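Q: The following block contains the structure, expressed as structure tokens.
The values are calculated or read from the model by the stated rules, or taken from the named source; none is laboratory data. Fair warning: this is a prediction, and the values are worked out from it, not measured in the lab. Please note: Cβ atoms are built from the backbone with ideal geometry, for glycine as well, and neighbour counts cover all protein chains shown.
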């Protein structure tokens with residue numbers, strides 16, 4: 001079944017619908033958890049393995065999220081945060097230290113996916129990131145995230161974009 005065809009749990013689906021965001025796939029749920037975990041990492045420098053353990057111990061655990069994708073995204077994003085940040089900064093309209101931690105979390109995770117998950121179409125990466133920014137970010141933060149990721153995709157996925165995918 002395609003990623004867009006998989007459905008989230010009923011409560012999360014209702015919550016997402018109320019926020020104007022479509023229910024997500026197992027990978028979409030993994031992205032959501034990754035953004036939350038990266039946010040915690042930014043604020044507290046908590047190790048990824050500790051975060052994964054904490055998320056698994058929550059009442060709902062990882063829910064229907066893809067646990068392997070969650071682990072890969074979180075470890076990859078945290079391990080490459082410095083490199084990813086250098087790729088993000090040229091596309092910002094403000095200094096990095098003025099970037100909202102939620103938007104920064106979303107941008108880091110999406111930058112990792114753009115760079116290391118070529119099997120995920122760049123439009124999916126951008127769309128998922130924009131939806132997460134709508135759920136967790138400031139009122140118009142999703143517009144900012146969309147603009148930054150569109151610019152990053154032109155470099156990271158130039159071949160895919162030129163091919164019209």
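Q: With 82, 163 as the choices, which residue is more than 15 Å from the chain's Cα centre (by Cα), surrounded by fewer than 20 Cβ atoms within 10 Å (Cβ to Cβ) and closer than 20 Å to residue 45 by Cβ? Let's see the steps before the verdict.
A: On the way: 163 fails: closer than 20 Å to residue 45 by Cβ.
Of the residues listed, the single one that is more than 15 Å from the chain's Cα centre (by Cα), surrounded by fewer than 20 Cβ atoms within 10 Å (Cβ to Cβ) and closer than 20 Å to residue 45 by Cβ is 82.
Q: Further question on the same structure: Would you pick out the residues in region 42-53 that are within 20 Å of residue 102 (Cβ to Cβ), in a loop (DSSP other than H, G, I, E, B) and in contact with a helix residue (DSSP H, G or I) (Cβ under 9 Å, 6 or more places away or on another chain)?
A: 46
The rows are residues; the columns are (1) closer than 19 Å to residue 151 by Cβ; (2) free of Cβ contacts under 8 Å to residues at least 60 places away in the same chain; (3) not in a helix (DSSP H, G or I).
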position	(1), (2), (3)
59	no, yes, yes
62	no, yes, yes
70	no, yes, no
73	no, yes, no
82	no, yes, no
87	yes, no, no
94	yes, yes, yes
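Q: Can you tell me how many residues in region 127-165 are under 22 Å from residue 39 (Cβ atoms) and in a helix (DSSP H, G or I)?
A: Filtering region 127-165 for residues under 22 Å from residue 39 (Cβ atoms) gives 127-149, 152.
Within this subset, residues satisfying the condition of being in a helix (DSSP H, G or I) are 127-136, 141-149, 152.
Residues that pass the stated criteria total 20.
Q: Would you check if residue 6 is surrounded by fewer than 18 Cβ atoms within 10 Å (Cβ to Cβ), at pLDDT below 90 and over 21 Å from residue 103 (Cα atoms)?
A: Considered against the rule, which asks whether it is surrounded by fewer than 18 Cβ atoms within 10 Å (Cβ to Cβ), at pLDDT below 90 and over 21 Å from residue 103 (Cα atoms), residue 6 comes out as yes.
Q: Give region 129-153 a look and list any residue that's under 17 Å from residue 30 (Cβ atoms), touching a helix residue (DSSP H, G or I) at 6+ places or on another chain (Cβ under 6 Å) and at pLDDT below 95, or say none.
A: 136 - this is the single residue of region 129-153 that is under 17 Å from residue 30 (Cβ atoms), touching a helix residue (DSSP H, G or I) at 6+ places or on another chain (Cβ under 6 Å) and at pLDDT below 95.
Q: Something else about it: Within the group 31, 27, 56, which residue is closer than 13 Å to residue 135 by Cβ, at pLDDT 90 or above and touching a helix residue (DSSP H, G or I) at 6+ places or on another chain (Cβ under 9 Å)?
A: The match here is 31.
Q: When you look at residue 123, is it part of a helix (DSSP H, G or I) and more than 15 Å from the chain's Cα centre (by Cα), yes or no?
A: Against the criterion (part of a helix (DSSP H, G or I) and more than 15 Å from the chain's Cα centre (by Cα)), residue 123 does not qualify.
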